[in-house]
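Colleague: Have a look at this one.
None of the figures in this text is laboratory data; all of them are computed from the coordinates on show. Source: prediction; values computed, not measured. For neighbour counting, all protein chains shown are included, and Cβ atoms are generated from backbone atoms with ideal geometry for every residue, glycine included.
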Amino acid sequence: MNTSIISFYKRKYYFHDALWLIGTILMTFAIFFPLFWMVSCSIRPLDNVFKFPSPLLPDKYTLDAYKRILTDNDVIISSFNTIFVSSLTTLGSLFIASIGAFGLSRYAFKGKRILTFYILATQMIPLILLTLPYYRFFVKLGLFDKRLGLIIAYISFTLPFCTLTLTSFFNSIPRSLDESSKIDGCSPFGTFFRICMPLIRQGMVATGIFAFITAWNEYLFASLLAVSDRTRMLVVFIGSKIGQYSISWTELMASTVLASLPLIIIYIFMQKSFMRGITSGAIKM
Amino acid sequence: MIVGERFVRSGFYFLLPLLIFLILTTLLPLMYVVIMSFFRNYLPEKNISFIFLNNFVTIFKDQEFIKSILQTLKYVFSCTILHLSLALCLAVYFDKHKGIKGTISYSMRGILIIPWLLSWTVAASIFQLILNPTGLINGYLKTLGLIAEPIPWLGSIQYAMVWIIIITVWKAFPFFFMLVYAAFMTVPNELYESAEIDGASNITKFWRITFPMISQTVMTLTMLDIIWLLRQYEIIALTTGGGPLGLTTTLTIKIYRTAFEKFKFGLASSQGVVVLIIASMISFIYIRLYVRREEVI
């Protein structure tokens, strides 16, 4: 084979690669454009947002919108509420789910199959159905408009996923470890806390992030069950801003950045565990 | 079971907190909804009265309820089809490359997931801004001379549902892409190699090797997607609010309205039971798929 044919093949090969790369870049651009626009609008003066034709990058940069929202009492309180509720939801559902997952993974008992189905099925309940009884029960129990009420609701949303994911992580720990710890005189709870828990750290991180994100982003229950200024969540604050007649767009975009940035940062740092948890977890492929 | 009676019983103790919590937070409320669907329960009235199936008769006589079922079907099926076909296309696009392309493909999986992590509220605000009558899309279309007057996209009869579907697809397809891509990675390379020796084309390889290997995943994801879309509330409530003329009022929005704007809890419960029946049928298929997988593993 002479050299010209080889170089022709090579050129064709490079051409395909270049096309592929351009396609990738275009796709990334299309998918990230809305997020880029959000950031871009949050750092420009208000009169720059609706200029025609809209410049993709602002002509003038200003952090005024951020200054205003970060000194706004409503934003501070709702950010605190969001962090508080999300963190406690994460801790609560990790605690209950890890104990339950250990039981599901390690023991055989009557009704285990039905229990697994039940846990799976609870993941499938349309949330709107639960709003009616939650609203009624919480008003009766005095949990209405309390952060604790939201935490209870969110734990019940995240619990099925966390339990099933952690079960699959526990299943990957060899049984012989439990048996040897039992021979050494460890109680079942000791085995759980001292031997198995440290081994599924990656699973805990993955499900923890999932629970945190779910609680952070949930809107329907937050807008129904925590309505006063004192208990409002960040997403509800943003939602209430969208509904207003005249919207201050730069401030709205700054607060959406505020609501998104922590999640993106957490995700970037914990990406590997999170991916493994999601793909190996309850959605069982 | 490991050994002995003691361990078996403690196995149940481990599950006790989970069980109690789930019964209190899901089973009990669900039973409440089902029971309430047989009652007249209008919030301003003090008393509730048993009216058996009258609520169901009322909702099925309600034209708007029937319409909302149709809107839901339209929304759920368009989104599901788009989610999965986009996810499959992207997964094929990024599948099994070597060298730099492989590295880029792999990191794309990590990056593209970001829209899925964010809140629906965030997605709603961004698109409210972009689709605003004086916003980006209208601005560019006008500059290009494609439209004479700005179109209020989210308030227009033709486009409101289309945009809701676009926003949903944009926000949620990365998740499906990630899982389909992960499934692609599990197909052993030897299969492709031997197919190549036999002279199979890329299309044949996809339909004869890749697709059969991942069809289970795709089915499971379809069921999951349908369930998630059935419960979708945020994006519609925060963009169109169910309008214009109720053309984006899905079942979820309809139930919310009946319960929390008209305060007819009994009626809303019976509408909820209809959704529950639909969701249960789909969940049943999902659980069957899940169990079959479990047994193989």
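Colleague: Would you work out which of A:18, A:154, A:199 lies farthest towards the positive end of the dipole of chain A? Charges go on Cβ: Lys and Arg +1, Asp and Glu -1.
Modeller: Of the listed residues, the answer is A:199.
Colleague: Note down the relative contact order for chain A as a percent, whole number, built from C-alpha pairs under 8 angstrom at least six residues apart.
Modeller: Working: 277 pairs, mean separation 84.7, N = 285.
Once normalised by length, the contact order is 30 percent.
Colleague: Which longest uninterrupted range of chain A lacks any trypsin sites (Lys or Arg not before Pro) assigned by DSSP to a loop state (not H, G, I, E or B) and surrounded by at most 15 other Cβ atoms within 10 Å?
Modeller: A:111-229
Colleague: Can you tell me the mean projection area, over all orientations, of the convex hull of region B:123-178's alpha carbons? Units nm², please.
Modeller: Values: hull surface 17.4 nm².
Orientation-averaged projected area of the Cα hull: 4.3 nm².
Colleague: Using the reciprocal of the averaged 1/r over all distinct C-alpha pairs, how large is the Kirkwood radius of region A:46-122 in Å? Present the calculation step by step, with values, prior to reporting the outcome.
Modeller: Working: mean 1/r = 0.0564 Å⁻¹.
Its Kirkwood hydrodynamic radius stands at 17.7 Å.
Colleague: Counting other C-beta atoms within 10 Å, which of A:196, B:79, A:162 has the fewest, and how do the rest follow? Spell out each step's value before the answer.
Modeller: Details: A:196 20, B:79 23, A:162 32.
So the ranking, lowest neighbour count to highest, is A:196, B:79, A:162.
Colleague: About the Cα centre of the protein assembly as shown, what is the dipole size in debye to 20, counting +1 per Lys and Arg Cβ and -1 per Asp and Glu Cβ, all else neutral? The partial results should precede the final answer.
Modeller: Working: 49 positive and 28 negative charges, 133 e Å.
With Lys and Arg at +1 and Asp and Glu at -1, about 640 debye.
Colleague: Could you identify which residue out of B:251, B:267, B:19 has the top mean-square fluctuation in a GNM of chain B using Cα springs shorter than 10 Å?
Modeller: It is B:19.
Colleague: Mind putting a number on the dipole of region A:90-224 about its Cα centre? Charges go on the C-beta only, +1 for Lys and Arg and -1 for Asp and Glu, and I need it in Debye to the nearest 20.
Modeller: The dipole of region A:90-224 has a size of about 260 debye.
Colleague: I need B:83, B:97, A:16 ordered by Cβ neighbour count within 10 Å, fewest first.
Modeller: Values: B:83 24, B:97 15, A:16 10.
Ascending number of Cβ neighbours within 10 Å: A:16, B:97, B:83.
Colleague: Apply the membrane-span-like helix rule to chain A: whole DSSP H runs, Cα extent along the own long axis of at least 30 Å, mean Kyte-Doolittle hydropathy at least -1.0. List the helices found. Each step should come with its number before you reach the end.
Modeller: Working: long enough: A:3-42 (56 Å, 0.91); A:73-106 (49 Å, 1.09); A:147-171 (34 Å, 1.29); A:249-280 (40 Å, 1.00).
Membrane-span-like by this rule: A:3-42, A:73-106, A:147-171, A:249-280.
Colleague: Also, quick follow-up: Within 10 Å of each residue's Cβ, count the other Cβ atoms and sort A:186, A:41, B:89 from fewest upward.
Modeller: Working: A:186 16, A:41 27, B:89 12.
Placing the least packed residue first, the sequence is B:89, A:186, A:41.
Colleague: Mind telling me which of A:218, A:179, A:251 comes out most flexible in a GNM of chain A, alpha-carbon contacts under 10 Å?
Modeller: Looking only at A:218, A:179, A:251, the biggest GNM fluctuation is shown by A:179.
Colleague: Let me ask another. Using a basic spin-label model with each label point 7 Å from the Cα along Cα→Cβ, how many nm lie between residue B:263 and residue B:61?
Modeller: So the two model labels end up 2.4 nm from each other.
Colleague: Right, next: What FRET efficiency would be calculated for the residue pair residue A:51, residue B:93, taking the C-beta separation as r and a Förster radius of 56 Å, to the nearest 0.05?
Modeller: Working: r = 36 Å, r/R0 = 0.64.
That gives a FRET efficiency of 0.95.
Colleague: Take the alpha carbon gyration tensor of region B:61-296, find the square roots of its eigenvalues, order them as a ≥ b ≥ c, and report rounded if a/c is under 1.5; if not, report prolate when a/b exceeds b/c, else oblate. Intermediate values should be presented prior to the final figure.
Modeller: On the way: a/c = 2.63, a/b = 1.42, b/c = 1.86.
Here region B:61-296 falls in the oblate category.
Colleague: Okay, next question. State, to one decimal in nm², a quarter of the convex hull surface area for the C-alpha atoms of region A:157-285, i.e. the direction-averaged projected area. Could you put the intermediate results ahead of the total?
Modeller: Details: hull surface 43.2 nm².
Mean shadow area of the hull around the Cα atoms is 10.8 nm².
Colleague: Just in region A:191-285: which chymotrypsin sites (Phe, Trp or Tyr not before Pro) are loop by DSSP and have at most 13 other Cβ atoms within 10 Å? Walk me through the intermediate numbers first.
Modeller: Values: sites: A:192, A:193, A:210, A:212, A:216, A:219, A:221, A:237, A:245, A:249, A:267, A:269, A:274; in loops: A:219, A:245.
Qualifying residues, ordered by number: A:245.
Colleague: Straight-line reach from residue A:60: which aspartates and glutamates have a Cα under 12 Å away, not including same-chain ones fewer than 8 places off?
Modeller: Straight-distance partners of residue A:60: A:47.
Colleague: Here is the link list: B:61/B:262; B:67/B:142; A:182/A:272; A:241/B:171. Which ones come out longer than 24 Å on Cα distance?
Modeller: Where the Cα-Cα span goes over 24 Å, the pairs concerned are B:67/B:142; A:182/A:272.
Colleague: Run the quick spin-label model on residue A:84 and residue A:20: label points 7 Å from Cα toward the beta carbon, then report their separation in nm to one decimal.
Modeller: Here the modelled spin labels are 5.2 nm apart.
Colleague: Given H placed 1.01 Å from N in the peptide plane, which residues other than close sequence neighbours of residue B:39 have an amide H under 5 Å from its amide H?
Modeller: B:51
Colleague: Let me ask something else. May I ask for the distance between the Cα centers of region B:90-144 and region A:115-184, given as a whole number of Å?
Modeller: 32
Colleague: Over what distance in Å are the Cα centres of region B:227-276 and region A:208-285 separated?
Modeller: If we compute the Cα centre of each part, the gap is 22 Å.
Colleague: Now, a different point. For the protein assembly as shown, taking Cα atoms only, what is the radius of gyration to one decimal and the Dmax to the nearest whole Å?
Modeller: Spelled out, the Cα radius of gyration and Dmax of the protein assembly as shown are 25.7, 94 Å.
Colleague: Excluding residues fewer than 8 places away in the same chain, name every one of the lysines whose C-alpha is closer than 20 Å to that of residue A:112.
Modeller: Straight-line reach from residue A:112, under 20 Å: A:284.
Colleague: Got the relative contact order for chain B handy, in percent, Cα pairs under 8 Å and 6 or more residues apart?
Modeller: This gives 29 percent for chain B.
Colleague: Please go through region B:1-107 and write out the GluC sites (Glu not before Pro) that DSSP classes as loop and that have at most 15 other C-beta atoms within 10 Å.
Modeller: On the way: sites: B:5, B:45, B:64; in loops: B:45.
Passing both the DSSP loop test and the Cβ count: B:45.
Colleague: Determine one quarter of the surface area of the Cα convex hull of region A:88-187, which equals its mean projected area, and express it in nm² to one decimal.
Modeller: Numbers: hull surface 32.4 nm².
Answer in nm², one decimal: 8.1.
Colleague: Counting only helical runs of four or more DSSP H residues, what would the 222 nm mean residue ellipticity of the protein assembly as shown come to if each run contributes -39,500 (n - 2.57) and the total is spread over all its residues? Could you put the intermediate results ahead of the total?
Modeller: Details: 26 runs with 415 residues, N = 582.
Calculated mean residue ellipticity at 222 nm is -23500 deg cm²/dmol.
Colleague: Taking amide H atoms as placed 1.01 Å from N in the peptide plane, list the residues 5 or more away in sequence, or in a different chain, whose amide H sits under 5 Å from that of residue A:62.
Modeller: A:44
Colleague: Also: Averaged over peptide A:99-108, how many Cβ atoms belonging to another chain are found within 10 Å of each residue's Cβ? It would help to have the intermediate numbers written out before the result.
Modeller: On the way: counts 6, 8, 3, 3, 10, 4, 2, 6, 11, 5.
Shielding by partners across A:99-108 averages 6.
Colleague: With a length cut of 27 Å (Cα positions projected on each helix's long axis) and a Kyte-Doolittle mean of at least 0.5, go through chain B and give me the DSSP H helices that pass. Please report the intermediate quantities before stating the final value.
Modeller: Working: long enough: B:4-22 (28 Å, 1.15); B:63-93 (45 Å, 1.12); B:160-185 (38 Å, 2.00); B:211-230 (28 Å, 1.45); B:265-296 (44 Å, 1.11).
Both cut-offs are met by B:4-22, B:63-93, B:160-185, B:211-230, B:265-296.
Colleague: Follow-up. Shielding by partners for A:188-195, please: the mean number of other protein chain Cβ atoms within 10 Å of each residue's Cβ.
Modeller: Numbers: counts 8, 3, 0, 3, 2, 0, 0, 0.
Going residue by residue through A:188-195 and averaging, the value is 2.
Colleague: To continue, here is another question. Whats the longest run of chain B with zero trypsin sites (Lys or Arg not before Pro) that are DSSP loop and have at most 15 other Cβ atoms within 10 Å?
Modeller: Numbers: sites that count: B:46, B:96, B:98, B:262.
Longest site-free region, per DSSP loop and neighbour criteria: B:99-261.
Colleague: If you put +1 on each Lys and Arg Cβ and -1 on each Asp and Glu Cβ, how big is the dipole of region B:61-296 around its Cα centre, in Debye rounded to 20?
Modeller: Values: 19 positive and 13 negative charges, 82 e Å.
Value, rounded to 20: 400 debye.
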